[in-house]
Amino acid sequence: MDAKFRTALCVSQGQENLAPSELKKLRNKQRKAKRKAEQESALAAQVQVKREQHHKARQQQEQGDPEAPQLDELIPDKLARAEDPLEQAIKFLLPLRTLAADRIETHLMAFEIYFRKEKPLLMLQSLKRAWRLDSGHHHLHDCLVRFQRWMDAALKDLNPNVAAVLTAETQPMFRGRSALQMAEEFMETGAGGSQAAALWGARALRRLLPERTQHALATATALHFPDLSIQGCVEVLDSLREGDFGPCENEIEQYIKACHTKFPYAIAFKPPGQVQECAENHVEDIPLQPKEITVNN
């Protein structure tokens with residue numbers, strides 16, 4: 001008797017001895033196993049087809065076939081200079097809004113993106129989410145000031161329903177204050193608490209009132225904050241150099257000197273001559289050769 005036939009006969013006889021409920025479970029299990037095997041087989045076939053297509057396309061490219069499909073190349077410079085940076089930023093943002101919704105930086109970044117795309121309702125959504133997490137955050141303050149200023153200019157041209165929503169939903173955050181009033185209030189109450197708050201508050205004030213640049217500069221470049229740090233000073237210096245406070249070459253030079261006095265070993269604040277000297281005197285760690293190890297031991 002054929003071996004397969006004997007096996008099938010034994011299985012059949014075994015099934016006849018099972019209770020109806022157990023037999024039903026067994027058959028369901030067999031059907032599931034069969035479907036799973038078919039799915040795995042189909043998936044393996046698809047993978048093999050894609051692999052063959054990829055190899056074929058690569059061979060055609062290497063042979064110079066102009067009709068060959070172009071493969072995506074991971075070129076760092078191209079990735080760093082996307083043709084549609086805001087759209088790429090949104091792709092990066094979406095998973096963050098799901099996985100890091102409890103971090104205010106996620107919603108502040110969302111606002112910065114939608115502010116540049118001029119999406120008022122999405123700007124509002126981002127601000128409200130950030131507000132719920134930390135209503136006194138220094139970056140959020142800057143976002144609120146800019147959004148209020150944007151609304152003052154754009155509200156009359158928006159859809160009346162959208163304008164009504166923006167006006168109603170921003171009331172708890174704006175509390176009837178203008179952008180200038182919010183900026184001045186923050187400078188009086190919040191800017192003295194930390195180095196970052198001083199920088200963000202000073203930038204917002206200077207943006208609204210260029211004639212108060214000197215006051216804003218004095219606030220941003222102060223070095224008396226309890227959380228003063230090298231990184232914080234570098235951020236202030238970058239802001240000065242980027243022109244956030246207008247032309248201020250003398251102030252930049254004075255700030256570098258003050259930071260160098262405060263942090264004498266920080267390379268970021270060393271005069272150019274000292275930086276070059278540090279680079280020339282730097283000795284790389286060269287591993288000992290086997291002969292040297294033997295001698296030293």
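The values are calculated or read from the model by the stated rules, or taken from the named source; none is laboratory data. Computed from a prediction, not measured in an experiment: that's the story for all the values here. Here the Cβ is made from the backbone with ideal geometry for all residues, glycine too, and neighbour counts use every protein chain on show.
Just a few scattered comments:
- Close pairs (8 angstrom Cβ cut-off, 6 or more residues apart or separate chains): over 17 Å from A179 (Cα atoms) in region 129-147, assigned to a loop (DSSP other than H, G, I, E, B) anywhere: R129/A101; A130/H137; L133/D102; L133/R103
- Restricted to region 76-125, and to residues there that are within 25 Å of A168 (Cβ to Cβ) and among the polar types (S, T, N, Q), the residue that is surrounded by the fewest Cβ atoms within 10 Å (Cβ to Cβ) is Q125.
- Hits in region 1-38 (condition: loosely packed, with under 10 Cβ neighbours inside 10 Å and modelled with pLDDT under 65): M1, D2, A3, K4, F5, S12, Q13, E16
- Between E73, E118, the distinction of being modelled with pLDDT of 80 or more and of a type in the set (D, E, K, R) belongs to E118 only.
- Residue match in region 87-104 (condition: modelled with pLDDT of 90 or more and closer than 27 Å to S178 by Cβ): yes
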